[in-house]
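The values are calculated or read from the model by the stated rules, or taken from the named source; none is laboratory data. As the structure is a prediction and not an experimental result, all values here were calculated from the model. Cβ atoms come from the backbone with ideal geometry, glycine included; neighbour counts cover every protein chain shown.
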Amino acid sequence: MLSAPHICPIADVPIASQTVTSVLNHENRFVSFLYNNHTPPPLVPNGKPEQLSIYLYRLLSTTGLVLTVDDEENKRRCVGVAVWQGPITTPTGLLGRLKEFGANCIFDVWNQINWVYYRGSGLNHAVCSVL
Amino acid sequence: MEAYEKVAKQVRLELLGEGNEKNTWYLHMLAVLPEYQGKGIGKALVNYVTEKVSVFLL
């Protein structure tokens, strides 16, 4: 029994990342072309589920929508994932702008730490090495 | 990459019309595990948004 699509709970983001990265066709040249040339960040998806998770967390905290479908019968979560980007709105008021600025700073730093941790190797490197 | 972005921008403009780009929902990723494919999961995930908004781009 499959659940209806719903917004991905924060706790399920790592599982959603795992689903997306596991179904990527790493031998597809188009995938390589797209994901090897995305600059500047967000590097989407950056191969490692952890890095994709950061991107999804950021989307959920801004105008993004991460939808998932669970298999309730077999208790498997996030068997289907859709990542939507909504219209970008300019936050009104000082508090809104500060909140957006703070969220972006935190995720940027987090992304950089991950980049250093993986020594810059992500999907791009993995895809290019099989071509 | 520049050529790709140029063509993509032109296609977006043709599809959406002038001024609509900022109101558009974009589908960045759609993934369904292989053993669950063919069960309408992808369709449901797309319909969730397309039934609620008027301008979207896959």
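Residue count for the range A:50-68, restricted to those that are at pLDDT 75 or above and not in a helix (DSSP H, G or I): 5. Figure legend. Inter-residue proximity from the range A:70-82: first residues part of a strand (DSSP E or B), second residues among the polar types (S, T, N, Q) and surrounded by fewer than 19 Cβ atoms within 10 Å (Cβ to Cβ), beta-carbon distance below 6 Å, spacing 6+ or different chains. Indicated pairs: A:70/A:3. With respect to the conditions (1) farther than 16 Å from residue A:78 by Cβ; (2) modelled with pLDDT of 80 or more; (3) surrounded by 15 or more Cβ atoms within 10 Å (Cβ to Cβ), residue B:41 lacks only one, and its number is (1).
Applying the criterion of being exposed (fewer than 11 other Cβ atoms within 10 Å of the Cβ) and modelled with pLDDT under 75 to the residues of the range B:9-38, the residue that is nearest to residue A:52 (Cα to Cα) is B:22.
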